[in-house]
Structure formats: C-alpha cells, structure tokens
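Asks: Got a structure here, written out as structure tokens. Questions coming.
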Amino acid sequence: MLGLLKTWMMPKNTSMPASMSRKLSSEQQLKQLGIKADKSLLCLPDVSECQFRSVSDIVHRLQSLMLLTAHAEELPSAVIDALYLRTGAQHSFTLNEQHWLAKTHLTPAEKQICMWRYESIKLLLWAIGHLAELGKVTEGANIIELSRLIQWQNYDELLAGARPLNPVALLDTADLYHRMSHLGRHQPRALPANINLLIVNERYACLSWLIGESEWDE
C-alpha cells in the first residue's frame, strides 16, 4: 500500500511536446497581429522528424532562382551569360523553370511568377545567414539590394559566408507561415489588409521546401 501511495504521489512528466508549444506560440503571434488562428490546424513535424535541406542545396537553389529572375527581367544576354559563368554548372532547375528559361519572352503572368521568387531568394539568404532579418510579412523584397548581394558571388563564396539558422528557429518561422497560408486559402478575410497573401504563400512554399515537407514547385 505504501509503495502504491509513493507512486501516486510522484510528480508526473507534464512537459509539452515541442511541436505543440510551437503551435501555441504561432497562434499567440497571430493574435498580436490581429489574426484569429485556426486552432484545429495540426502541428508541423518536430525538428527530429524534418529533413532539412543542406547549405549546399540552398546555395544551388539560390543561384538557380537568381538566373531565373535575371531571365524574367530580360537582362542583356551578355549579363546573363556572365552570370552563368560566375555561378558555374551546378544548377538545379525544376521542370517549370526549364520551361520558362527555354522561352525568349515570358507572358506577363509567367514573368510575375518568376519575379515573386525574389521573396524566396530573400528567405533563403536569411536561412543561411547572409541576411540578418527576414523582415515583416508586410514588407516585400528589395530586388535591387538582393541582386547586388548575390549576383556576383560564386558558389564557393556564398557557401563560405553561410551561417545557417538554427533549425528550431527555422521551424518556428515555418509553423507561423503554415498557419497564415492556411488562413489565406480557407479564410482570406481573416488576414489584415496590409498582409500580402502572395508574400505569405511564397515564403511558406520556400520554408516548406527548406524543412523537407515538399519539393520545389509542388
């Protein structure tokens, strides 16, 4: 009887799973932005369950996106050729990107899709420490600043200067954008007017790729 009593009186492990703690933190941040979160939305996988992209993968993706946006901007062929020489042969273009790069002129809709990839470029640079801050969801990417930052760095230089973000911090950000993107798809009026849903979706797609939850262009 005494043994049973001691067992009953022992403190229980009441620690909250990291994924649930992350979910609650995201919901609180959304509340501070005046957004009512969908509390039924499930948690993202925890850090130990994610397949985070390597820094090498991220740099290759950055350089591929840089070449794609240069093509969409219709920069002079001499400039684009110089960029290809600078970045080297290790590009990882998706099927969609290969289709766009094969065209001399993109449609306005295709050009817009490609130019929105600057949001992904910004996020990828932040993820490997080339940018100190990601910036608010209301702030779009500064195209000129980003172009100056990466256009003339080669693969080895980008890799050498990388200071990858802590996986926990990356997953925290992914969880927040996961919830905003979900609201944008299912309850768009729940988002304040100053939040650009295109920025939200572009950043979340990139974050989903970074944590290994999806392939690019899925």
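The values are calculated or read from the model by the stated rules, or taken from the named source; none is laboratory data. The structure displayed is predicted, hence computed values, not measured ones. Neighbour counts are summed over all protein chains in view; Cβ atoms, including those assigned to glycine, are modelled from backbone coordinates with ideal geometry.
Asks: For segment 159-178, indicate whether the set of residues that are farther than 16 Å from A127 by Cα, at pLDDT 90 or above and part of a helix (DSSP H, G or I) is non-empty.
Replies: yes
Asks: Would you check if there is a residue in segment 86-108 being touching a Lys or Arg at 6+ places or on another chain (Cβ under 7 Å), of a type in the set (A, V, I, L, M, F, W, C) and under 25 Å from L207 (Cβ atoms)?
Replies: Checked against the condition, which is being touching a Lys or Arg at 6+ places or on another chain (Cβ under 7 Å), of a type in the set (A, V, I, L, M, F, W, C) and under 25 Å from L207 (Cβ atoms), segment 86-108 yields no hits at all.
Asks: In addition: I need the full set of residues from segment 100-125 which are within 23 Å of V137 (Cα to Cα), exposed (fewer than 15 other Cβ atoms within 10 Å of the Cβ) and not small (G, A, S), in order please.
Replies: Q112 - this is the single residue of segment 100-125 that is within 23 Å of V137 (Cα to Cα), exposed (fewer than 15 other Cβ atoms within 10 Å of the Cβ) and not small (G, A, S).
Asks: Considering only segment 186-206, state which residues are closer than 18 Å to W116 by Cα and over 10 Å from the mean Cα position of the chain (by Cα). Spell out the reasoning first.
Replies: Of segment 186-206, the ones closer than 18 Å to W116 by Cα are 194-206.
N194, I195, N196, L197, L198, I199, listed by residue number.
Asks: Of everything in segment 29-51, what is under 20 Å from the mean Cα position of the chain (by Cα) and among the hydroxyl-bearing types (S, T, Y)? Give them in sequence order.
Replies: S48
Asks: Go through A141, A132 for me and flag whichever is part of a loop (DSSP other than H, G, I, E, B), under 18 Å from I195 (Cα atoms), free of Cβ contacts under 8 Å to residues at least 24 places away in the same chain and aliphatic (A, V, I, L, M). Give the steps one after another, and end with the answer.
Replies: Details: A132 fails: under 18 Å from I195 (Cα atoms).
The unique qualifying residue is A141.
Asks: Sticking with this one: For segment 151-171, which positions are hydrophobic (A, V, I, L, M, F, W, C) and within 17 Å of the chain's Cα centre (by Cα)?
Replies: Result: A162, L165, V168, A169, L170, L171.
Asks: Taking segment 90-112 only, how many residues are out of contact with any Phe, Trp or Tyr (no Cβ under 8 Å at 6 or more places or on another chain) and assigned to a helix (DSSP H, G or I)?
Replies: Count: 10.
Asks: Restricting to segment 186-214, and then to whatever is among the charged types (D, E, K, R) and in contact (Cβ under 8 Å) with a residue 24 or more places away in the chain, can you tell me which residue is surrounded by the fewest Cβ atoms within 10 Å (Cβ to Cβ)?
Replies: Applying the filter and picking the extreme gives E213.
Asks: In the list P188, P192, which residue meets the criterion of being modelled with pLDDT under 90 and of a type outside the set (S, T, N, Q)?
Replies: P188
Asks: What number of residues in segment 52-97 are within 17 Å of the chain's Cα centre (by Cα), acidic (D, E) and buried (at least 17 other Cβ atoms within 10 Å of the Cβ)?
Replies: 0
Asks: Follow-up. How many residues does segment 35-57 hold that are touching a Pro at 6+ places or on another chain (Cβ under 8 Å) and outside any loop (DSSP other than H, G, I, E, B)?
Replies: Matching residues across segment 35-57 total 2.
Asks: OK, next. Looking at (1) part of a helix (DSSP H, G or I); (2) modelled with pLDDT under 95; (3) farther than 30 Å from D38 by Cβ, which is the one condition that is false for W152?
Replies: Going through (1) part of a helix (DSSP H, G or I); (2) modelled with pLDDT under 95; (3) farther than 30 Å from D38 by Cβ one by one, W152 breaks only (1).
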